[in-house]
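Peer 1: One structure, pasted below without further comment.
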Amino acid sequence: MNESYDKTAAVVVLPPLRGGRLSDKSLRAWLAQADLSESDRPQELLAAILTELNLPYPDEGLAALRMWGQTGDQPTVWIAAADPVFLEPRLDHLRLHALQRTGIPPSDLRPLFDHLQETLAEDQGYGFARLGTCGYLRAEEPISTAMVPAYVIDQREPGEFLPTGEHTVMHRNILSEIEMALHEHPVNVRRVEEGKAPVNSLWLWGGGKAPEKVMRTQPPIFTDDPLLLGYWESATADADLWPGSFAACADASVHGFVAVTPDGDMAPESLVRYLKELRELLRRKRISRLILLSRDGLRAEVRRSDTLKFWRRDNELLA
């Protein structure tokens, strides 16, 4: 069991901080006094959190963990995530758009996944399913899939993130059939007419079987993210939905916590509110140390003693 995480610290996931999104001067000065760094490449959220907590990252089965977090039941079959994306043709490459981040409604996905199940899945040894805005591919035999979800490579060229090695031929074949089946589907025709991006492909990632349930010491987590909830469930650890405030997280936890703000809450005023509340919790000694992870790759380690670094008033990473 892991006993090495700091039980007086809080690991917090925040909206993006780059690009001058944080206009409050006092908060910028406060963060400038912290230890700031940036990731050199996009990172999956679970991996970033587990690194901070010194917890093991799953060898496979991220999609199964996500389904576990959505349903509360441990999947028993091989599954991969199959999430809606728009592959935008550029002059000499493709650009991937993660449509879950733009708010695609389940009413658009339902007929698309029903169509894939009816036209592709019969007698093929695999099947399609949808839970909310999350898609899944069940297969009798393993298929090579990408290691990271679509949001990690949103607005990027997807080629370097595609799977390699064993079973990649099956991956290419299934993906080709999916894209042909989705082409000119009435839902996509309507979306284009409405000025919206069509669902012209699925991003297959995180394939595998769910890990066996274990008992592992880790701090409680407060999040709406089903993958994180599934990982905590698999470790028999305390997990709850985001309660709306960090004070509520601190009240519910004696030995530190992990809190993940809602993915869709990107408003600058929400960022200011979150940081002011965290600064106050630190000032009042409700927590001794903060690890802030922004959704655009910034990391800040904040301690109460950082206020002694009064000469730091800004940092180029926040500009």
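Peer 1: Highest mean first, what order results for 207-216, 261-270 on Cβ atoms within 10 Å?
Peer 2: The peptides rank, most packed first, as 207-216, 261-270.
Peer 1: Something else: State log₁₀ I(q)/I(0) for segment 1-137 at q = 0.15, 0.22 Å⁻¹ as given by the Debye formula over alpha-carbon point scatterers of equal weight, solvent excluded.
Peer 2: With one equal scatterer per Cα and no solvent, log10 I(q)/I(0) is -1.06, -1.42.
Peer 1: May I ask for the Kirkwood hydrodynamic radius of segment 61-190, worked out over all distinct Cα pairs and given in angstroms to one decimal?
Peer 2: Computed over segment 61-190, the radius equals 15.5 Å.
Peer 1: Between MET147 and GLN117, 0.36 nm times their residue separation minus their Cα-Cα distance comes to what?
Peer 2: Full-extension gain reported as 8.4 nm.
Peer 1: If you don't mind, there's one more thing I want to ask. For a bin width of 10 Å, list the pair-distance distribution of the chain built from all Cα-Cα distances, rounded to whole %.
Peer 2: Histogram of Cα-Cα distances, whole percents per bin: 6, 25, 31, 23, 12, 3, 0.
Peer 1: Using a 1.4 Å probe on the protein chains only, how many percent of the accessible area of segment 1-144 belongs to carbon and sulfur?
Peer 2: Roughly 47 percent of what the probe reaches on segment 1-144 is carbon or sulfur.
Peer 1: Show that you can apply the helix-only estimate: for the chain, add -39,500 (n - 2.57) for every DSSP H stretch of four or more residues, divide by all residues, and state [θ] at 222 nm to the nearest 500.
Peer 2: The per-residue figure over the chain is -9000 deg cm²/dmol.
Peer 1: Please calculate how many Å² of accessible area the chain carries per residue, with a 1.4 Å probe and no DNA, RNA or ligand atoms counted.
Peer 2: 48
Peer 1: Once the piece of chain linking ASP92 and MET170 is laid out straight, how much longer is it, given 0.36 nm per residue of separation minus the C-alpha distance between them?
Peer 2: In short, 25.6 nm is gained.
Peer 1: Can you give me the long-range amide H partners of ARG95? Hydrogens built in the peptide plane at 1.01 Å from N, cutoff under 5 Å, separation of 5 or more residues or another chain.
Peer 2: The answer is GLU88, ARG90.
Peer 1: While we're here: What residue among HIS93, LEU162, SER288 has its Cα farthest toward the positive end of the dipole of the chain, where the charges are +1 on Lys, Arg and -1 on Asp, Glu, each on the Cβ?
Peer 2: Selected residue: SER288.
Peer 1: Need the C-alpha centroid separation for segment 22-49 versus segment 137-187, integer Å.
Peer 2: After rounding, the separation between the Cα centres reads 32 Å.
Peer 1: By DSSP, what percent of the beta bridges with both residues in the chain are antiparallel, rounded to the nearest 5?
Peer 2: 65
Peer 1: Assuming a strict under-17 Å limit between Cα atoms, what lysine pair count do you get for the chain once near-sequence pairs (fewer than 8 apart, same chain) are dropped?
Peer 2: 4
The values are calculated or read from the model by the stated rules, or taken from the named source; none is laboratory data. This one's a predicted model, so the numbers in the text were calculated from it and none came from an experiment. Positions of Cβ are backbone-derived with ideal geometry, glycine not excepted, and every protein chain shown enters the neighbour counts. Heads up: the accessible areas ignore ligands, DNA and RNA and are worked out on the full protein's heavy atoms, side chains in. Shrake-Rupley method; radii C 1.70, N 1.55, O 1.52, S 1.80 Å.
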